[in-house]
Amino acid sequence: MIVEELFPTPLLRVNIKDELDISEIEKLKLLSLDKKNLIPNGNNGNFFHKNVDLLKTYIPNSTTEKVIKKYLDIFLHDILLEKEANVRITGSWINVNPPRTVHHEHFHMNSILSGTLYLNAEANKGGEFIVHKTKANTRQVASHIYGSNKFVDKWKYIPVNTYDLHIFPSILEHSVASNRSKTNRLSLSFNTFYIGEVLMNPKNAVTSLTRLDIKELG
């Protein structure tokens, strides 16, 4: 008997502490104290900074952005096998989760790959990244389920720690578990989009999807 695993979704996890300029991270963390520019994110008690292009405007040409771009390229070229494609970071923002707060389930629209760099996240103290099974991959009718496995679970908890970087397809439904530590959980999230024309190539017939040449901005 063979049980096939159909169409898995990749999520890249890597700790990049040794590749970062920690002075840049400390500068980003200061934004969590900028209360006049922190905006409530729903009714869950968490916040995000109103500057949603932080990497470009706050620490331009940073080591942080270069390291993130390195792993975006690995994800796109080596995991998704889009060898000729390139993406740029189109938005980046700080999230602040005080103790006992969560982040609602969502996905990122108008983006190809998204990700999160954890600036402060205590291991084994909650605030895990939760991936949710989409409705398309969930049975509409089922009897009582006795137990747990990867075929019936509706979500998966991904542990997080300071300087962990996660990269995933933007369509992936996700949320954040309750922060059980005594300090704010801080993260830098980002979205991306393709650089250049978006093309389809069935049987060597190249067709532009948008007729729009998406150039590098700035």
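The values are calculated or read from the model by the stated rules, or taken from the named source; none is laboratory data. Quantities reported herein were computed from a predicted structural model and do not represent experimental measurements. Please note: Cβ atoms are built from the backbone with ideal geometry, for glycine as well, and neighbour counts cover all protein chains shown.
Close Cβ contacts (under 6 Å, 6 or more residues apart or on different chains) running from residues in segment 5-18 that are within 23 Å of residue 68 (Cβ to Cβ) to residues that are of a type in the set (Val, Ile, Thr) and surrounded by 12 or more Cβ atoms within 10 Å (Cβ to Cβ) comprise 10/79; 12/167; 16/67.
Contact map, segment 43-56: first residue within 17 Å of residue 190 (Cβ to Cβ), second residue modelled with pLDDT of 90 or more and among the small types (Gly, Ala, Ser), Cβ cut-off under 7 Å, separation 6 or more or different chains; pairs are 52/91; 53/91; 53/92; 54/92; 55/62; 55/92. The C-beta contact set for segment 110-136 (first residue closer than 10 Å to residue 166 by Cα, second residue among the polar types (S, T, N, Q) and part of a loop (DSSP other than H, G, I, E, B), distance under 6 angstrom, 6+ apart or interchain) comprises 114/170; 118/162. Against the list (1) in a helix (DSSP H, G or I); (2) within 19 Å of residue 129 (Cβ to Cβ), the condition residue 36 fails is (2). Look at residue 45 and say whether it is among the small types (Gly, Ala, Ser), modelled with pLDDT of 95 or more and either closer than 28 Å to residue 135 by Cα or under 16 Å from the mean Cα position of the chain (by Cα) (or both). For residue 45, the condition - among the small types (Gly, Ala, Ser), modelled with pLDDT of 95 or more and either closer than 28 Å to residue 135 by Cα or under 16 Å from the mean Cα position of the chain (by Cα) (or both) - is not met.
Among the residues of segment 21-31, how many are in contact (Cβ under 8 Å) with a residue 40 or more places away in the chain and either touching a His at 6+ places or on another chain (Cβ under 8 Å) or surrounded by fewer than 18 Cβ atoms within 10 Å (Cβ to Cβ) (or both)? The total comes to 4.
For the structure I just gave you, tell me whether residue 121 is modelled with pLDDT under 90 and of a type outside the set (Phe, Trp, Tyr). So residue 121 does not fit the description; no. Only one of the listed residues (94, 59) is closer than 25 Å to residue 125 by Cα, touching a helix residue (DSSP H, G or I) at 6+ places or on another chain (Cβ under 9 Å), β-branched (Val, Ile, Thr) and in contact (Cβ under 8 Å) with a residue 12 or more places away in the chain. That residue is 94.
Only residues that are of a type in the set (A, V, I, L, M), in a loop (DSSP other than H, G, I, E, B) and either modelled with pLDDT of 75 or more or touching a strand residue (DSSP E or B) at 6+ places or on another chain (Cβ under 9 Å) (or both) were counted across segment 157-216, and they come to 8.
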